[in-house]
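Notes for the one structure printed next.
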Amino acid sequence: MKRLPPLSALHTFLVTAQHCNFTRAAQQLHITQGAVSRQIAGLEEHLGYTLFQRQARGLSLTREGQDWLPRVQQVFALIEQGVREVSGRNATLQLKAPTCVMRWLLPRLMEWQALRPDIPVELTTTVQHGVDFRREGFDAAVVYGSLPNHGLRVRKLFDEQLTPVCAPSLLEGPVPLRQIEDLARHMLLHPSRDEHDWRLWLQAAGATFDPQGPKQHFETLDMAMAMASQGTGVAIGDWALIGDDLRSGRLCMPFGVKVTTGKGYYLVSQAKSLPAGLIELLDWLEQRAHQ
């Protein structure tokens, strides 16, 4: 089997064929004109035929050179693609997410890293619910709110569904939680200052009392859930985010009423060619959300 020509000589042929000029090829390759000429001559000797016609005003490809050019272009395109894909696999993916989704997202990312340690993920948390890829250097983000429609790739994780949650010990405590009106005698834990979530749920559930009893406000949903799990009071939570807490028994749902708000959680990325590792991560998170 005939020995393959050197890759460096093929690259010199590719650049020289683009310019049909030894001087310009030498400038692009940062070598001397003589070095270019010698590499082309050595390649022609290796192949057994000429690739360029030497002319007074430059070069032109021979028939063999014309046949070689698209093949060499394809070889270097494949090498470039391979470098890009392999490098993309090992690059750390930058993911942004609001703190309200951490109870669901963080355990899944830990599971992902155990399954795919070759595709590391760096998570940035924020109280913001959106992302601006033009100004922020993230590969993808989890956003909360209405369906995004700003030219992004969007994958729906789940709808927001509000429901009260508390520690199991609160159900049969000194003030049992057996019907919705019993909430009037418990401290209500609010994940925001505006108390919107609690009022929305009470109205949808047909509550007959005005929630003016003891209350406590928190900056994030996660903080309210943590206090509820300690038996401090009853928090309004998102059913989609607290599945792990319900299964472990840290929290329970005293009532079966869940109220859909029209908002949800979405995985978004830019509408361009994405690294294979990022596509794999987004596919996996979407699948886990629907299990």
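A Förster radius of 25 Å, combined with the Cβ-Cβ distance separating Asp182 from Ser248, puts the computed FRET efficiency at roughly 0.55. Take the Cα of Phe209, step 7 Å toward its Cβ, do the same at Leu106, and the gap between the two points is 3.3 nm. Label-to-label distance, Asn149 versus Lys272, with points set 7 angstrom from Cα along the beta-carbon direction: 2.5 nm.
Scanning the chain for trypsin sites (Lys or Arg not before Pro) lying in DSSP loops with no more than 15 further Cβ atoms inside 10 Å, the longest uninterrupted stretch between such sites is 194-271. The alpha carbon centroids of region 30-78 and region 181-238 are separated by 76 Å.
By a 1.4 Å probe calculation restricted to protein chains, Met187 has an accessible surface near 60 Å², given to the nearest 10. Over all other residues within a Cβ to Cβ distance under 14 Å of Met110, the charged ones net out to +1, with Lys and Arg as +1 and Asp and Glu as -1.
How far is helix 102-115 tilted off the main Cα axis of the chain, in degrees rounded to 10, range 0 to 90? Once rounded, the angle reads 40 degrees.
Taking a sphere under 14 Å around the Cβ of Leu183 and counting the other residues whose Cβ falls inside, with K and R at +1 and D and E at -1, yields a net charge of -1. Taking the helices alone, the chain has a mean residue ellipticity at 222 nm of -12500 deg cm²/dmol, built from -39,500 (n - 2.57) per DSSP H run of at least 4 residues and averaged over all its residues. For a straight C-alpha distance cut-off of 12 angstrom, the aspartates and glutamates reachable from Lys96 (same-chain residues fewer than eight places away being disregarded) are Glu122, Asp132, Glu136, Asp139. Compared with the dominant principal axis of the Cα atoms in the chain, helix 196-205 is inclined by about 60°.
Students often get this wrong: which residues of region 88-127 have the backbone nitrogen under 14 Å from the point 7 angstrom along Cα-to-C-beta of Lys263? The answer is 98-102, 127.
Here Ile242 sits with roughly 0 square angstrom of accessible surface, probe radius 1.4 Å. Ranked from largest to smallest solvent-accessible area, with a 1.4 Å probe on the protein heavy atoms, Val72, Val175 come out as Val175, Val72.
A cut-off under 11 angstrom between Cβ atoms defines the neighbours of Leu285, and their net charge, with Lys, Arg +1 and Asp, Glu -1, is -1. Of the residues Ala17, Ile242, His186, the one whose Cα sits farthest toward the positive end of the charge dipole of the chain, with +1 on the Cβ of Lys and Arg and -1 on the Cβ of Asp and Glu, is Ala17. Just to verify a number: what accessible area does His46 come out at with the full protein assembly present, 1.4 Å probe, Å² rounded to tens? Taking all protein chains as shown, His46 has close to 40 Å².
Approximating the spin labels as points 7 Å out from Cα along Cα→Cβ, the Thr126-to-His217 distance works out to 2.4 nm.
Probing with 1.4 Å while keeping every protein chain in the model, the per residue accessible area of region 166-291 equals 49 Å². Accessible area per residue (1.4 Å probe, heavy atoms of protein chains only) ranks Leu171, Leu10 as Leu171, Leu10, with the largest value leading.
Once the chain from His30 to Phe76 is taken as fully extended at 0.36 nm per residue, the excess over their C-alpha distance is 14.7 nm. Rounded to the nearest 20 debye, the dipole size of region 141-211 about its Cα centre is 380 debye, using +1 on the Cβ of Lys and Arg and -1 on the Cβ of Asp and Glu.
Rounded to the nearest 10 degrees, the inclination of helix 7-19 to the longest alpha-carbon principal axis of the chain is 80 degrees.
The values are calculated or read from the model by the stated rules, or taken from the named source; none is laboratory data. In this text the structure is predicted, and so the values were computed from the model without any measurement. Virtual Cβ from ideal backbone geometry, glycine too; neighbours counted across all protein chains shown. Calculation scope for accessible area: heavy atoms of the full protein, side chains included, ligands and nucleic acids excluded. Shrake-Rupley method; radii C 1.70, N 1.55, O 1.52, S 1.80 Å.
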